[in-house]
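A.B. asks: Before anything else, here's the structure in question.
None of the figures in this text is laboratory data; all of them are computed from the coordinates on show. Source: prediction; values computed, not measured. Because the Cβ atoms are built from the backbone with ideal geometry, glycine has one as well, and the counts that use them run over all protein chains shown.
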């Protein structure tokens, strides 16, 4: 399997993070939760970016506090 630059050579599982139902658009987290619904895929993508940014901010804050 071709890996991304900087990634270790191991098995990576990648999947589609966006789901469309009659209720709207959702994104799926690594924790296997569904977030949504959103009106369109673009909104779901933007919210996923915000979700990841906030998780990273919390992670780095907790690491600095040590």
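A.B. asks: Below 8 Å, C-alpha to C-alpha, sequence gap of six or more: please give me the relative contact order for segment 18-64 in percent.
C.D. replies: Numbers: 43 pairs, mean separation 11.8, N = 47.
So the answer I get is 25 percent.
A.B. asks: Can you pull the one-decimal nm distance between simple spin-label points at residue 19 and residue 32, each 7 Å off the Cα toward Cβ?
C.D. replies: 1.2
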